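Report on the structure given below.
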């Protein structure tokens, strides 16, 4: 196994080459996980791993998670079978709403059930492929994918994302931008201001994936920011790395500032953050690269063609690597995070 530095991500980002998943031990894989917590972005090139084994390996770092599914699980007091949404009028005494049934129908087509052999899989397909009738077979089936972080307008969110670029990815890229170096590069006075900023989030269709069809935009609404929220701008990653949770797909304004003044601050951040110094776009040279990336103080995007691209994605918490992690450094957010996470374990609901 060889480890080298990714260019363009400052202190962060590593490549791993010549890793054999057929022979790697659990302790070796956990050690890579601990290394990943300090690197924020880890790209393991040309891996020999199936979707089933991919799901198994990622579960050793922590549980798959989805806040949208956790909300459903809480609303219906537990979900034993996703098919209940189509065969029953109520689940555990709670009437099934048309909106929930529509949402479950949309995401059920995106789950990699056949590929993993797991009816309760946490693996989502990300692909431009479609059925003969034109229905998408995965998330983000068309259009460009702008800078974003997943579940960005949620107090409790998945801090880890992995993307297995299985086939048809040459000619496309997954891009990453890490914010901690930018944060450290700011003046002491501006960092103090950033530390105090509370960002008001709300969902706006098309900000992450312009031209996305309506049903997938609905999925994004539920996952990214189901309702207006207020969250601190400055948080820490599961590796205790301080940066900004600058989720530009849902940021709306800064609490206590007008929309115009907020926009001025956002424009300054955009101008100084979105520069080559902090960005790496991983243009795939072959299939089977495994991209592992932080979702707290890191953003990601997609560039290039996607028609025949097939990737598999898992969101997860680092329950086996950083079980006591709390992203929030200030109150009341730190206490609210503990309370909500305790009430709703971030396991995949299905």
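Just a few scattered comments:
- Residue match in the stretch 44-65 (condition: within 30 Å of residue 183 (Cβ to Cβ) and either assigned to a helix (DSSP H, G or I) or free of Cβ contacts under 8 Å to residues at least 24 places away in the same chain (or both)): yes
- The stretch 4-33: number of residues that are under 26 Å from residue 275 (Cβ atoms), surrounded by 15 or more Cβ atoms within 10 Å (Cβ to Cβ) and touching a helix residue (DSSP H, G or I) at 6+ places or on another chain (Cβ under 9 Å): 7
- Condition check for residue 153: at pLDDT 90 or above and either surrounded by 15 or more Cβ atoms within 10 Å (Cβ to Cβ) or assigned to a loop (DSSP other than H, G, I, E, B) (or both): yes
- Screening residue 81 on (1) in a loop (DSSP other than H, G, I, E, B); (2) without any contact (Cβ under 8 Å) to a residue 12 or more places away in the chain; (3) closer than 25 Å to residue 177 by Cα shows it passes everything except condition (3).
Each row is one residue, and each column tells you yes or no for (1) in contact with a helix residue (DSSP H, G or I) (Cβ under 9 Å, 6 or more places away or on another chain); (2) more than 21 Å from residue 236 (Cβ to Cβ); (3) at pLDDT below 95.
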| site | (1), (2), (3) |
| --- | --- |
| 257 | yes, yes, no |
| 277 | yes, yes, yes |
| 297 | yes, no, no |
| 312 | yes, yes, no |
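- Scanning the stretch 34-62 for residues that are more than 20 Å from residue 22 (Cβ to Cβ) and either touching a helix residue (DSSP H, G or I) at 6+ places or on another chain (Cβ under 7 Å) or buried (at least 21 other Cβ atoms within 10 Å of the Cβ) (or both) yields 36, 37, 39, 40, 41, 62.
- Any hit, the stretch 63-75, residues being buried (at least 19 other Cβ atoms within 10 Å of the Cβ), in contact with a strand residue (DSSP E or B) (Cβ under 7 Å, 6 or more places away or on another chain), farther than 29 Å from residue 243 by Cα and at pLDDT 90 or above: no
The values are calculated or read from the model by the stated rules, or taken from the named source; none is laboratory data. Since the model is a prediction, treat every value here as computed from it, not as a measurement. All Cβ positions, even for glycine, are placed from backbone atoms using ideal geometry, and neighbour counts span all protein chains on display.
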